[in-house]
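Written below as structure tokens is the structure these notes are about.
Every number here is computed from the coordinates shown, using simple stated rules; none is lab data. As the structure is a prediction and not an experimental result, all values here were calculated from the model. No Cβ is skipped: glycine too gets one built from the backbone with ideal geometry, and neighbour counts run over all protein chains shown.
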Amino acid sequence: MDLPLDVQLAEIEFDPECYEPLPVMNPAATRAQAEKALDLLGRAQRPVIVAGGGIVNADAADLLVEFAELTGIPVVPTLMGWGVIPDDHRLMAGMAGLQTAHRSGNATLLASDLVIGIGNRWANRHTGNLEVYRDGRTFIHIDIEPTQIGRVFAPDFGIVSDAAQALARMIEVGRERAATRLLPDRSAWAAECVARRTTLERRTHFDHIPIKPQRVFEEMNRAFGPETRYVSAIGLSQIAAAQFLHVYRPRHWINCGQAGPLGWTVPAALGVCVADPDATVVAVTGDYDLQFMIEELAVGAQFNLPYIHVLLNNSYLGLIRQAQRAFDMDYCVQLGFDNINSPETDGYGVDHVKVAEGLGCKALRVRTPDALPQAFEDAKKLAAEFRVPVIVEVMTERVTNIAMSGTDIGNVVEFEELALTAEDAPTAVSFAAAD
Amino acid sequence: MARMTAADAAVAVLRREGITDLFGLPGAAINPFYAAVRRDGHLSHTLARHVEGASHMAEGYTRAAPGRIGVCVGTSGPAGTDMITGLYSASADSIPILAITGQAPVARLHKEDFQAVDIAAIAARSPNGRSPSWSRPRFPARCRRRSG
């Protein structure tokens with residue numbers, strides 16, 4: 001909305017009392033469309049629901065869970081849909097994708113024979129190579145935006161609908177079919193998906209110093225409850241957060257999925273604090289995302305917008321460094337230097353504690369895994385007492401390669417040991433879900 | 001009928017659309033709007049340090065809770081171009097935000113005035129482009145959340 005100076009100052013006749021918001025177009029699935037979707041689902045042996053951010057935007061998470069429970073179909077949330085089904089729900093199959101994904105989510109997607117996408121856009125970081133992603137599967141795509149249907153690939157059946165409207169109509173048809181025993185029993189397939197979660201966890205329990213980032217997420221899972229609203233933007237920290245943190249509610253994973261602009265996290269977290277002043281807001285980034293728009297911390301200090309910012313400082317552009325392995329280089333991505341004012345930063349360069357304090361925030365530095373629980377507790381107290389952003393700077397190992405694929409979802413490269421027992425991933429909810 | 005400046009009318013429309021919060025920073029070309037915000041006295045304003053920051057605050061705000069969308073405000077020229085990254089980020093994920101910019105007087109457009117960049121044309125090229133334009137009468141419909 002661009003307002004020329006003279007337009008702003010022009011005098012006009014206007015009666016605010018008679019102003020009414022215009023109606024918003026909200027396309028709804030028809031009964032016939034819902035029936036056909038259920039017909040296709042009924043003919044499949046191993047269907048999955050890919051649940052996208054459109055379900056969040058439509059406030060339809062409850063309907064999504066109801067539909068999944070009614071039909072017994074496992075759910076693979078997209079990164080934007082993460083939280084529409086709680087991580088510890090038995091039908092949560094894990095996220096699929098090249099980076100921000102669980103091993104079980106990819107395995108379940110590849111084992112499926114039908115995918116119904118709801119409010120999603122088949123983003124390339126979710127699908128990877130489309131030949132692998134689509135291979136032999138039937139696709140149903142439901143999206144509110146007509147131009148999204150068939151944009152990435154042509155589905156076998158597409159429905160232009162608001163996610164809530166489509167889910168409500170499919171639940172209506174599903175209930176009728178359940179009453180006449182026309183819904184297939186999916187319990188064996190769902191059990192298979194649960195089993196994949198418990199056997200395909202990644203390891204988080206490392207005692208290394210400098211700290212391995214996986215351990216930070218393990219301690220975050222212990223320190224922060226299901227009411228926590230996580231905020232992140234882009235990079236290895238975002239990818240690892242998606243692999244290791246747990247989200248239980250919609251709008252509790254707040255992340256810019258497609259654009260991924262560095263620096264987004266601090267201002268976005270402050271926006272979340274303004275929208276929901278009572279929320280527990282926890283941001284997680286690497287050092288460069290924080291530095292990109294670090295000046296906004298002053299806004300949090302000035303306007304008393306408290307949140308906890310978990311900073312994984314590896315003094316690297318870590319995701320770019322990892323991508324540069326393909327070029328056999330480590331070039332222009334190191335952020336370390338000897339800080340003449342802060343020798344205690346040991347060559348990591350920027351002293352984020354001093355910068356944060358200079359901007360009116362509170363900050364802690366953590367160097368050992370044992371100190372993480374107390375640091376998170378201290379951070380909560382500082383945020384509550386001073387009502388300002390609190391940075392928890394975790395000095396991590398410089399080089400960590402995070403599991404990802406450069407090609408397809410069947411080809412994710414693991415760089416670390418996997419969890420063989422529950423002790424290797426003590427905060428993974430899948431082990432609990434299987435009990 | 002009430003006679004008022006267009007800036008006062010714009011603030012009244014925001015209020016009627018349920019807007020309660022603004023993120024931004026004032027400047028010469030948007031000061032009449034800020035004067036209207038001050039006269040109205042009901043909108044809460046968070047002063048960003050960078051206009052791109054204001055646009056991301058608006059996006060985080062929209063994402064956090066249903067029913068209201070984030071609004072970012074800035075002056076003409078670089079303030080608008082700073083918001084482009086925020087518009088891209090929000091629109092790429094179908095998250096509605098409203099970006100309000102000041103502009104040089106209409107007669108001075110396209111005459112290379114100080115901080116008079118054609119931000120509507122620049123923003124119109126953003127992906128999934130919700131192209132902003134001061135000449136479009138339908139803007140109020142954009143103040144509300146697009147669902148789904």
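The stretch between A:GLU172 and A:ALA154, if pulled fully straight at 0.36 nm per residue, gains 3.8 nm over its current Cα-Cα span.
Take the Cα of B:ARG3, go 7 Å toward its beta carbon, and the backbone nitrogen atoms of segment A:1-36 under 18 Å from that spot belong to A:7-16.
Per residue, the convex hull around the alpha carbon atoms of the protein assembly as shown comes to 157 Å³. Neighbouring Cβ atoms from other chains, within 10 Å of the Cβ of residues in A:253-266, number 6 on average. In the distance distribution for segment A:316-402, Cα-Cα pairs more than 18 Å apart total 55 percent. With no solvent and one point on each alpha carbon, what is the Debye value of log10 I(q)/I(0) for segment A:287-435 at q = 0.21 Å⁻¹? Log10 I(q)/I(0), no solvent term: -1.27. Measuring from centroid to centroid over Cα atoms, what is the spacing of segment A:374-435 and segment A:87-155 in Å? About 24 Å separates the Cα centre of segment A:374-435 from the one of segment A:87-155. Scanning residues 5 or more positions from A:ARG46 or on other chains, those with amide H under 5 Å from its amide H are A:ASP113, A:LEU114, with H placed 1.01 Å from N in the peptide plane.
For A:ASN304 and A:GLU13, the difference between the fully extended length at 0.36 nm per residue and the C-alpha to C-alpha distance is 100.8 nm. Could you tell me the distance between the Cα centroids of segment B:88-116 and segment A:278-323, to the nearest Å? When both Cα centres are located, 28 Å separates them. What would the Debye formula give as log10 I(q)/I(0) at q = 0.20 Å⁻¹ for the alpha-carbon point model of segment B:11-57, no solvent? Relative scattering, expressed as log10 I(q)/I(0), comes to -0.68.
From the P(r) of segment A:122-270, can you give the percent of Cα pairs sitting at distances over 23 Å? For segment A:122-270, the share of Cα pairs beyond 23 Å comes to 60 percent. Using 0.36 nm per residue and subtracting the Cα-Cα separation, the extra length available between A:SER187 and A:ASN26 on full extension is 54.5 nm. Take each residue in B:63-71, count the other chain C-beta atoms within 10 Å of its C-beta, and the mean is 6.
Counted by neighbouring Cβ atoms within 10 Å, the residues A:LYS354, A:LYS380 run from fewest to most as A:LYS354, A:LYS380. Shape analysis of segment A:1-140 based on the Cα gyration tensor places the equivalent ellipsoid semi-axes at 39, 19, 15 Å, largest first.
With each label modelled as a point 7 angstrom along the Cα→C-beta vector, the A:PHE386-A:ARG367 pair spans 2.1 nm.
What the phi angles of segment B:10-20 give under the Karplus curve with 6.51, -1.76 and 1.60, with θ = phi - 60°, is a coupling list of 4, 5, 4, 5, 4, 4, 5, 7, x, 6, 10 Hz, glycine and proline written as x.
Listing A:HIS205, B:HIS56 from fewest to most neighbouring C-beta atoms within 10 Å gives A:HIS205, B:HIS56. Sorted fewest first by neighbouring Cβ atoms within 10 angstrom, A:MET329, A:MET395, A:MET92, B:MET57 come out as A:MET329, A:MET395, A:MET92, B:MET57. Each residue, A:ASP276 and A:ASP6, gets one label point 7 Å from its Cα in the Cβ direction; the gap between the two is 4.7 nm. Between segment B:23-37 and segment A:55-72, what's the alpha-carbon centroid distance in Å? First find each Cα centre; the distance between them is then 42 Å.
One compactness figure for segment A:231-300 is 1.04, namely its Cα radius of gyration divided by 2.2 N^0.38 Å.
Look at the stretch B:42-50: the mean tally of other chain Cβ atoms within 10 Å of its residues' Cβ atoms is 5.
Placing unit charges on each Cβ (+1 for Lys and Arg, -1 for Asp and Glu) gives segment A:211-281 a dipole about its Cα centre, and among A:LEU236, A:PRO226, A:THR265 the Cα reaching farthest toward its positive end belongs to A:LEU236. Here's how it looks for A:ARG202: its modeled amide H is under 5 Å from those of A:ALA419, which are all 5 or more places away or on a different chain.
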